[in-house]
């Protein structure tokens, strides 16, 4: 039994870069029949872990965006208006929402940005979590299959358009704090998503250098004093992919300038300048680029890609 569980865990881990501890904890929670709240910044493989588990289990993965438009009716479902006019209300003309879809399919309902959802929607959700069933008017009681789970995520560092999560909501979930992965794992993620190789910046491979530069510049945005929000690894993925395409054009005599333009395009919309600062995103990215290539101890001018 233990060997079987480890084999399944290893099979799930094959679809996730790093995150072994977090994957083990998440897998343990859902295997124990518990719901889990993943709390951390975007781009930290939260949904990737859950998709890997559902794929291995063979159950649906139902994704919902938490926002003001996620009303109870949108979450649970509604009766088809045209059919109601013709046939009156009946179970046959009920259109399941994501909650009912996940319950009937025994899948994972995953709500991104839970703290953006309205309070009355959360109340419906908590009832379904507690009872594993929901009562739909003119349809009846819908009972979830045993593999049904409710998973959610939230970014604790973003307060725009969010609401405070009450203690009663927290009490329903196991909570797992998820931080950024280390530089090596982020480089592996960029390589997987772009098809570029990994390696140290001095490895001699121009493509591997692009990956290393993209990860280093992106990670530097998370600790810059002028920024309240840095970029996730998605910024590094786009930076590397764009830089690789620019290199193919052959119009950049200097590799450093190529990386700068790719960084400005990939990162300027993903970072948030502190409200008390009067700098622009472009100025911050340019500063980080200068530090990476020219100013940091041991930095040296890199060879151009030609």
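The values are calculated or read from the model by the stated rules, or taken from the named source; none is laboratory data. On a predicted model such as this, the values are computed, not experimentally measured, just so you know. Cβ sites come from the backbone with ideal geometry, for glycine too, and all protein chains shown count toward neighbours.
Residue-by-condition table, conditions (1) outside any loop (DSSP other than H, G, I, E, B); (2) under 13 Å from residue 111 (Cβ atoms); (3) in the same structural domain as residue 12 (by TED's automatic domain parsing):
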{"residue": "42", "(1), (2), (3)": "no, no, yes"}
{"residue": "56", "(1), (2), (3)": "yes, no, yes"}
{"residue": "59", "(1), (2), (3)": "no, no, yes"}
{"residue": "64", "(1), (2), (3)": "yes, yes, yes"}
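Can you confirm whether residue 153 is closer than 30 Å to residue 31 by Cα, in contact with a strand residue (DSSP E or B) (Cβ under 6 Å, 6 or more places away or on another chain) and either at pLDDT 85 or above or not in a loop (DSSP other than H, G, I, E, B) (or both)? Even if it seems obvious, please write down each step before you answer.
Numbers: closer than 30 Å to residue 31 by Cα: yes; in contact with a strand residue (DSSP E or B) (Cβ under 6 Å, 6 or more places away or on another chain): yes; either at pLDDT 85 or above or not in a loop (DSSP other than H, G, I, E, B) (or both): yes.
So residue 153 passes the test.
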If we ask which residues in region 1-39 are at pLDDT 85 or above, over 19 Å from the mean Cα position of the chain (by Cα) and part of a loop (DSSP other than H, G, I, E, B), their number turns out to be 3
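Which count do you get for residues in region 44-54 that are in contact with a strand residue (DSSP E or B) (Cβ under 9 Å, 6 or more places away or on another chain) and either in a helix (DSSP H, G or I) or assigned by TED's automatic domain parsing to the domain that holds residue 270 (or both)? Quick ask: steps written out before the conclusion?
Keep residues of region 44-54 that are in contact with a strand residue (DSSP E or B) (Cβ under 9 Å, 6 or more places away or on another chain), which gives 44, 46-47, 49-51, 53-54.
Filter again for either in a helix (DSSP H, G or I) or assigned by TED's automatic domain parsing to the domain that holds residue 270 (or both), leaving 46-47, 49-51, 53-54.
Number of matching residues: 7.
What number of residues within region 104-121 satisfy the criterion of being surrounded by fewer than 20 Cβ atoms within 10 Å (Cβ to Cβ) and under 20 Å from residue 34 (Cα atoms)? First the steps, then the outcome.
Taking region 104-121 as the starting set, the residues that turn out to be surrounded by fewer than 20 Cβ atoms within 10 Å (Cβ to Cβ) are 104-106, 113, 118-120.
Within this subset, residues satisfying the condition of being under 20 Å from residue 34 (Cα atoms) are 104-106, 113.
Of the residues in that region, 4 qualify.
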Tally up the residues in region 74-112 that are outside any helix (DSSP H, G or I), under 22 Å from residue 48 (Cα atoms) and touching a strand residue (DSSP E or B) at 6+ places or on another chain (Cβ under 6 Å), please.
6
Kindly evaluate residue 270 against the criterion of being under 16 Å from residue 41 (Cα atoms), touching a helix residue (DSSP H, G or I) at 6+ places or on another chain (Cβ under 9 Å), part of a helix (DSSP H, G or I) and touching a residue at least 24 places away in the same chain (Cβ under 8 Å).
no
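Between 172, 193, which is at pLDDT below 95, assigned by TED's automatic domain parsing to the domain that holds residue 40 and surrounded by fewer than 20 Cβ atoms within 10 Å (Cβ to Cβ)?
Values: 193 fails: assigned by TED's automatic domain parsing to the domain that holds residue 40.
Just a single option satisfies the conditions, and that option is 172.
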Flag for residue 227 being closer than 20 Å to residue 42 by Cα and either at pLDDT 95 or above or loosely packed, with under 14 Cβ neighbours inside 10 Å (or both)
no
